[in-house]
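Report on the following structure.
No lab work stands behind these numbers, since they all come straight from the coordinates. Keep in mind that what you see is a predicted model, and the values were worked out from it rather than measured. So basically every Cβ, Gly included, is an ideal-geometry build from the backbone, and we count neighbours across all protein chains shown.
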Amino acid sequence: MKTRGFTLIEMLVTIAIIGILSAIALFALQGIREQARDAKRKSDLETIRSGLEVYRSDCNIYPAAITPGGSLTGNCPTLNTYIQTVPSDSQTTARQYYYRRISNTTYELCARLENVPSPAVACGGNCGTLGACNYRVTSP
């Protein structure tokens, strides 16, 4: 009498194929996660940029410094709050956004992206302990 079922070889081949497909899926998802974190960083810089521009329109000057996690409040006659909580890089404390007022009417705001843009853009400072920033936005 013949019994029905799978042989050991068939089972091993099936397990190997599933393992290979799982490994491919993990590598594909890792790239997507990096892109999503980079998109969040770019969005954060645009939020900060918007607050800085409204601040300048009220105070005729960009702020001397901003504190990630703090608020951006005017110290000119308006005393408005322009950003309730200044965004910070949420992945790790080793990555930070870098802000520098170059003059009363210009600034640079930088981040360190995981997927290095081409060409990478140098900034005036480091974006945390991971080293130099590679993405920059400046005053319009």
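Compute the length gained on full extension between Ala36 and Ser139: take 0.36 nm times their separation in residues and subtract their Cα-Cα distance, giving the result in nm to one decimal. All intermediate terms of the calculation are to be shown ahead of the outcome.
Details: separation 103, 0.36 × 103 = 37.08 nm, distance 2.48 nm.
Residue separation times 0.36 nm, minus the Cα-Cα distance, leaves 34.6 nm.
How far is it, in nm, from the label point at Ser90 to the one at Ile17 when both lie 7 Å from their Cα along the line to the Cβ?
Using points 7 Å along Cα→Cβ, the separation is 4.0 nm.
Skipping prolines and chain starts, which residues have an amide H placed within reach, meaning under 5 Å, of the one on Arg112, given they are 5 or more residues away or on another chain?
Placed amide hydrogens put Gln96, Asn134 under 5 Å from Arg112.
Plugging the Kirkwood radius over Cα pairs into Stokes-Einstein for region 65-135, at a temperature of 10 °C and a viscosity of 1.306 mPa s, what D comes out in µm²/s?
Details: Rh = 13.3 Å.
After rounding, the answer is 119 µm²/s.
Could you work out how far apart the two model spin labels at Ile24 and Phe6 are, taking each label as a point 7 Å from the Cα in the direction of the beta carbon, and quote it in nm?
Computed distance between label sites Ile24 and Phe6 equals 1.8 nm.
Fewest to most neighbouring Cβ within 10 Å: what's the order for Ser50, Ser118? Can you show the working numbers first?
Details: Ser50 12, Ser118 6.
So the residues, fewest neighbours to most, are Ser118, Ser50.
Tell me the relative contact order for region 8-138 as a rounded percent, counting alpha carbon contacts under 8 Å between residues six or more apart.
Values: 194 pairs, mean separation 24.2, N = 131.
Relative contact order, region 8-138: 18 percent.
Report the Cα-based extents of region 1-128 along its three principal axes, largest first, to the nearest Å.
95, 30, 21
Once phi is turned into ³J(HN,Hα) by the Karplus curve 6.51 cos²θ - 1.76 cosθ + 1.60 with θ = phi - 60°, what whole-Hz value does each residue of region 108-119 show in order, with x for glycine and proline?
9, 10, 10, 9, 10, 8, 6, 8, 4, x, 10, x
Give me a comma-separated list of calculated 3J(HN,Hα) values for region 13-21, in order, Karplus coefficients 6.51, -1.76, 1.60 applied at θ = phi - 60°, integers in Hz, x for any Gly or Pro.
So the Karplus estimates, Gly and Pro as x, are 5, 4, 5, 5, 5, 4, x, 5, 5 Hz.
Counting other C-beta atoms within 10 Å, and keeping those with at most 12, which DSSP coil chymotrypsin sites (Phe, Trp or Tyr not before Pro) do you find in region 2-96? Please list the in-between numbers first.
Details: sites: Phe6, Phe27, Tyr55, Tyr82; in loops: Phe6.
Those that pass, being in a loop and sparsely packed, are Phe6.
Could you order the peptides 41-49, 16-24 from most to least packed, using the average number of other C-beta atoms within 10 Å per residue? Display every interim value, and only then the final one.
Details: 41-49: 17.0, 16-24: 9.9.
Top to bottom by mean Cβ count within 10 Å: 41-49, 16-24.
Would you grab the residues whose amide H sits under 5 Å from the one on Ile83? Only those 5+ places off in sequence or on another chain, please, with H modelled 1.01 Å from N.
Those qualifying (amide H under 5 Å, at least 5 residues apart or on another chain) are Leu72.
Rounded to the nearest 500 deg cm²/dmol, what is the calculated helix-only ellipticity per residue at 222 nm for the chain, with -39500 (n - 2.57) per DSSP H run of length n ≥ 4?
Values: 1 runs with 52 residues, N = 140.
Value at 222 nm, helices only: -14000 deg cm²/dmol.
Please work out whether region 30-80 counts as rounded, prolate or oblate from its C-alpha gyration tensor, where a ≥ b ≥ c are the square roots of the eigenvalues and a/c under 1.5 means rounded, while otherwise a/b larger than b/c means prolate and anything else oblate? Could you put the intermediate results ahead of the total?
Details: a/c = 4.20, a/b = 2.90, b/c = 1.45.
Taking the square roots of the gyration eigenvalues as a ≥ b ≥ c, region 30-80 is prolate.
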